[in-house]
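Taken together, the values in this text are just the output of simple stated rules run on the coordinates, not laboratory data. What you see is a predicted model, and the numbers here were worked out from it, not measured in a lab. Cβ atoms come from the backbone with ideal geometry, glycine included; neighbour counts cover every protein chain shown.
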Amino acid sequence: MRSNEIDILVNWGDTDKAGIVYYPNYFKWFDIAGHQFFRSCDLAPSKLELERQIIVPLLDARCSFEKTLLYDDVITVRTVVEEINNKTIKLKHEVFNGKTRTGHGYELRGWVKQTAEEIKAVPIPQEVIEILKEEVHSNQSKSRTPFNA
């Protein structure tokens, strides 16, 4: 399945009073990584909405926290397609500080058609499924400075 990596700089605002990353930031990073994943395979959410009237709303998310992160750490978020169903895509995210995994989780996103009359889940087209199933690994973290989320 397709995968992607990005680097993100931990900012002061991402931490609590003790300088330790405040847990909701993992969900923020998952969201950033998910959008970058879709961009990496030419399925940018803005493009999907403009060209296909498709949005990919978040339906479910989960995170397990394993190690602390601190201000100024540069983390790598690895994203891979874990599951494709008729109308949903599950992205698995793993967060690393160097080689140490600090947390992991997933996002479940719907494939939803938005028109003036309604918003409803629709089947994911076969050509999109084929793109998501390709064994392609994008490594955006090696080509740019860390995202300043």
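Once you've got the Cα coordinates, tell me which of 47/92; 67/113; 17/47; 47/90; 67/87; 99/120 are over 31 Å apart. It would help to have the intermediate numbers written out before the result.
Numbers: 47/92 22 Å; 67/113 39 Å; 17/47 39 Å; 47/90 20 Å; 67/87 34 Å; 99/120 41 Å.
As for pairs spanning more than 31 Å Cα to Cα, those are 67/113; 17/47; 67/87; 99/120.
Could you work out the relative contact order of segment 3-139, using alpha carbon pairs under 8 angstrom and six or more residues apart, expressed as a whole percent? All intermediate terms of the calculation are to be shown ahead of the outcome.
On the way: 266 pairs, mean separation 39.7, N = 137.
That works out to 29 percent.
State which helices in the chain qualify, where a helix is a whole DSSP H run, it must extend 20 Å or more along its own axis by its Cα atoms, and its mean Kyte-Doolittle hydropathy must be at least -1.0.
In the chain, the long hydrophobic H runs are 24-40.
What ranking do 102, 68, 115 get, fewest neighbouring Cβ atoms within 10 angstrom at the top?
Numbers: 102 18, 68 14, 115 8.
Sorted ascending by nearby Cβ count, the order is 115, 68, 102.
Within segment 73-127, which trypsin sites (Lys or Arg not before Pro) sit in a loop by DSSP and count at most 13 neighbouring Cβ atoms inside 10 Å?
Numbers: sites: 78, 87, 90, 92, 99, 101, 109, 113, 120; in loops: 87, 99.
Listed in order of number, the matching sites are 99.
Can you give the calculated 222 nm mean residue ellipticity of the chain, where each DSSP H run of n ≥ 4 adds -39,500 (n - 2.57) and the sum is split over every residue, rounded to the nearest 500 deg cm²/dmol?
-6500 deg cm²/dmol
Counting residues in the chain as N, plug N into 2.2 N^0.38 Å and put the Cα Rg over that result.
1.08
Using the basic label-point model (7 angstrom from Cα toward the beta carbon), what is the residue 28 to residue 74 distance in nanometres?
2.0
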